[in-house]
Amino acid sequence: MSRPSIQIHPMILCGGTGTRLWPASRESMPKQFARLVDAERSTFQATLARVSDATVFATPTVIASAEARFIVAEQRDQLGLSADILLEPQGRDSAAAVAVAALHAAASDCSARCTRGAKLHDVV
């Protein structure tokens, strides 16, 4: 008898104002969307790619500011991957974003297992 498959619901938080790594990161292009480590893709795209195995992961949930919505969608589409995008009306740190993403996952899977992925795993 086979065990039921449990998928992990990844949460990718893309907040921030782009002020810490200026001038590489700026308000119009925060650090997670810049190509800081890899010349081919941003750290956001690298994180999204890491959670793209559908045998392990459910569709990722990306939480971003309304200002970043077009960058998120464009960079997601460049990879040809899917992800749900939830917009924060204003930044409230990580706890609120994680709670909303967990509720979003629970809406489609009442026993959802969630993980929050850092967008800068590659930065030492």
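The values are calculated or read from the model by the stated rules, or taken from the named source; none is laboratory data. As the structure is a computational prediction, the values presented were derived from the model and not from experiment. Cβ atoms come from the backbone with ideal geometry, glycine included; neighbour counts cover every protein chain shown. Each accessible area value is taken on the protein alone, full model and side chains, heavy atoms only, with ligands, DNA and RNA left out. Shrake-Rupley method; radii C 1.70, N 1.55, O 1.52, S 1.80 Å.
The slack in the chain from residue 38 to residue 108, taken as 0.36 nm per residue of separation less the alpha-carbon distance, amounts to 21.8 nm. Sorting the segments 39-49, 87-97 by their mean number of nearby beta carbons within 10 angstrom, highest to lowest, gives 39-49, 87-97.
Subtracting the Cα-Cα distance of residue 57 and residue 77 from their residue separation scaled by 0.36 nm leaves 5.4 nm. Rounded, prolate or oblate: pick one for the range 28-99, where a ≥ b ≥ c are the square roots of the eigenvalues of its C-alpha gyration tensor, a/c under 1.5 means rounded, and failing that, prolate if a/b is larger than b/c, else oblate. Because a/c hits 1.5 or more and a/b fails to exceed b/c, the range 28-99 counts as oblate.
Peptides 61-67, 73-79, ordered by how many other C-beta atoms sit within 10 Å of their residues on average, highest first, read 61-67, 73-79. Considering only 32, 55, 72, the residue lying farthest towards the positive end of the dipole of the range 30-101 is 32, judged by Cα position with unit charges set on Cβ. Using a probe of 1.4 Å, the accessible surface attributed to residue 56 totals some 60 Å² when neighbouring protein chains are kept in position.
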